[in-house]
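So the structure is just underneath, and the comments pick up after that.
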Amino acid sequence: MNHYTDVLKKYAVFSGRARRQEYWMFTLFQVAIAIVLMILDSVLGTYPLLVGLYFLGTFVPSLAVTVRRLHDLGKSGAWYFIAFVPFIGGIWLLVLTATAGQQQPNQYGPDPKVLAA
């Protein structure tokens, strides 16, 4: 839960680096909360109101953690736009976010694994 709240605390922080664990734990909580809200929306008959508001409210932190994850790989945040390439773009972004980050400091900052240890 700390990874989720830490990302929300860095609401619009696009600088720095994010570990794989931070990114994927945030994504896991995003999906879990979205499923619960979809079920709640269906029960209340308000679909997609609650889940839409949730994704609208967490869009910026989600984008920020993705950019920081790309920074951990030594890539610019502009690589996020690869997801808009039909068919292969989303898969490529998935591969990038699952790839281990650079172990040495890069232009975006020191290795977050060293800072966490």
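The values are calculated or read from the model by the stated rules, or taken from the named source; none is laboratory data. What you see is a predicted model; the values in this text were computed from it and never measured. Every residue, glycine among them, receives a Cβ derived from its backbone with ideal geometry; neighbour counts consider all protein chains shown. Keep in mind that these areas ignore ligands, DNA and RNA; they rest on the heavy atoms of the full protein, side chains included. Shrake-Rupley method; radii C 1.70, N 1.55, O 1.52, S 1.80 Å.
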Subject >> Residues that are under 15 Å from Glu22 (Cα atoms) and surrounded by 12 or more Cβ atoms within 10 Å (Cβ to Cβ), drawn from the stretch 103-116 >> reply: Asp111, Pro112, Lys113
**OP:** Check the stretch 87-95 and report whether any residue there is open to solvent by less than 30 Å² (accessible area, probe 1.4 Å) and more than 20 Å from Met25 (Cβ to Cβ).
**Re:** yes
Subject >> Considering residues of the stretch 43-75 that are open to solvent by less than 60 Å² (accessible area, probe 1.4 Å) and free of Cβ contacts under 8 Å to residues at least 12 places away in the same chain only, the residue farthest from Asn106 (Cα to Cα) >> reply: Thr46
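What residue, of Ala78, Ala12, Ala32, Ala83, is surrounded by 14 or more Cβ atoms within 10 Å (Cβ to Cβ) and under 15 Å from the mean Cα position of the chain (by Cα)? Step through it out loud before you land on a result.
Details: Ala78 fails: surrounded by 14 or more Cβ atoms within 10 Å (Cβ to Cβ); Ala12 fails: surrounded by 14 or more Cβ atoms within 10 Å (Cβ to Cβ); Ala32 fails: surrounded by 14 or more Cβ atoms within 10 Å (Cβ to Cβ).
Exactly one of Ala78, Ala12, Ala32, Ala83 is surrounded by 14 or more Cβ atoms within 10 Å (Cβ to Cβ) and under 15 Å from the mean Cα position of the chain (by Cα), namely Ala83.
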Original post:
Could you say which residue among Phe81, Phe87 is of a type outside the set (Asp, Glu) and modelled with pLDDT of 95 or more?
Top reply: Phe81
